[in-house]
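Quick notes on the structure that follows.
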Amino acid sequence: MSLKPAVSPTDHIQGKKDAEIVLVEYGDYQCPYCGAAYPVLKEMMNKYGKQIQFVFRNFPLSEMHQYARPAAIVAEAAALQGKFWEMHDAIYENQQYLSEAFLLELAGKLELDSHQFNIDIKKAAVSEKVDSDFESGIMSGVNGTPSLFVNGRKFNGGPEDLLQLMSEIVK
């Protein structure tokens, strides 16, 4: 399966701008497998972030995880204040505490403008970004989380396999 659409400026991107290796994760903030993948992907970015690009797209499995979509909304609202990755990391690092109240507490801990944040989480554009990510996952053949793509192709191993692959191809 291939990634649709290609990575664009509307995505959340970290790492090298024009990297030869682009990794895209479709993730669900409440998914235990995504939670387990998070430290592995973080380690990979710490080791190879100057050579690779990492993109996160929302794929909340709302029927199974009641806080997945609210968490995605909160992360997108944080993005409007330039703190997407801080919120992304805070959610995964505190996954076991997820609740509506806790997500709002994280916004305070990240020192987001609370008035603006409370407006932003209700914006249609924020919901549409989550929906758009989810739809791109469906078009790309995502059927579970985490789903990883390397240079536009679905990666069938797990995060540890990906870390091993990176150690072999990134010099």
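The values are calculated or read from the model by the stated rules, or taken from the named source; none is laboratory data. In this text, all values refer to a predicted model and were calculated from it rather than measured experimentally. Here the Cβ positions follow ideal geometry from the backbone for every residue, glycine too, while neighbour counts run over all protein chains shown. Accessible surface is based on the protein model in full, side chains and every heavy atom, while ligands, DNA and RNA are left aside. Shrake-Rupley method; radii C 1.70, N 1.55, O 1.52, S 1.80 Å.
Kindly evaluate MET44 against the criterion of being over 25 Å from GLU111 (Cα atoms) and surrounded by fewer than 18 Cβ atoms within 10 Å (Cβ to Cβ). Lay out the reasoning, then the answer.
Working: over 25 Å from GLU111 (Cα atoms): yes; surrounded by fewer than 18 Cβ atoms within 10 Å (Cβ to Cβ): no.
The answer is no for MET44.
List pairs: first in the stretch 145-161 and on the phi > 0 side of the Ramachandran plot, second part of a loop (DSSP other than H, G, I, E, B) and loosely packed, with under 13 Cβ neighbours inside 10 Å, Cβ under 7 Å, 6+ apart or cross-chain?
GLY152/ALA6
Pairs, please: C-beta under 8 Å, at least 6 apart or cross-chain, first residue acidic (Asp, Glu) and in the stretch 127-139, second open to solvent by less than 40 Å² (accessible area, probe 1.4 Å)?
That search, which allows pairs on different chains as well, returns ASP133/TYR26; ASP133/ARG57; ASP133/ASN58; ASP133/PHE59; ASP133/ALA72.
Please work out which residue is surrounded by the most Cβ atoms within 10 Å (Cβ to Cβ), limiting yourself to the stretch 141-171 and to residues that are among the basic types (Lys, Arg) and not in a loop (DSSP other than H, G, I, E, B). Don't jump to the end; show me each part of the working.
The initial filter retains those residues of the stretch 141-171 that are among the basic types (Lys, Arg), namely 153-154, 171.
After this cut, where a residue has to be not in a loop (DSSP other than H, G, I, E, B) as well, the list is 153-154.
Working: ARG153: 11, LYS154: 15.
Among those residues, the one meeting the criterion is LYS154.
Of all residues in the stretch 112-140, which are over 27 Å from LYS16 (Cα atoms), among the charged types (D, E, K, R) and surrounded by 13 or more Cβ atoms within 10 Å (Cβ to Cβ)?
ASP120, LYS123
For the subset of the stretch 79-94 comprising residues that are out of contact with any His (no Cβ under 8 Å at 6 or more places or on another chain) and buried (at least 18 other Cβ atoms within 10 Å of the Cβ), which member is nearest to LEU112 (Cα to Cα)?
Of the stretch 79-94, the ones out of contact with any His (no Cβ under 8 Å at 6 or more places or on another chain) are 80-83, 86-87, 89-94.
Next, only the ones that are buried (at least 18 other Cβ atoms within 10 Å of the Cβ) stay: 80, 83, 86-87, 90-92.
Numbers: LEU80: 10, LYS83: 8, GLU86: 11, MET87: 10, ALA90: 13, ILE91: 15, TYR92: 18 Å.
The extreme case among them is LYS83.
Checking ALA101 against (1) surrounded by fewer than 15 Cβ atoms within 10 Å (Cβ to Cβ); (2) at pLDDT below 95; (3) among the aliphatic types (A, V, I, L, M), which single condition isn't satisfied?
Unmet condition: (2).
List the strands (runs of 3 or more DSSP E) that sit entirely inside the stretch 1-91 and contain at least 3 residues that are in contact with a Phe, Trp or Tyr (Cβ under 7 Å, 6 or more places away or on another chain) and under 16 Å from LYS129 (Cβ atoms). Before you say what the answer is, go through the steps one by one.
Working: elements: 12-15, 21-27, 52-58.
Ranges flagged: 21-27.
For the stretch 55-78, does any single residue satisfy the condition of being free of Cβ contacts under 8 Å to residues at least 60 places away in the same chain, among the basic types (Lys, Arg) and open to solvent by 40 Å² or more (accessible area, probe 1.4 Å)?
Among the residues of the stretch 55-78, not one is free of Cβ contacts under 8 Å to residues at least 60 places away in the same chain, among the basic types (Lys, Arg) and open to solvent by 40 Å² or more (accessible area, probe 1.4 Å), which makes the answer no.
Here's the yes/no breakdown for (1) under 19 Å from ILE52 (Cα atoms); (2) touching a strand residue (DSSP E or B) at 6+ places or on another chain (Cβ under 8 Å):
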position	(1), (2)
TRP85	yes, yes
ASP89	yes, no
TYR92	no, no
LEU106	no, no
ASP120	no, no
LYS123	no, no
GLU135	no, no
GLU160	yes, no
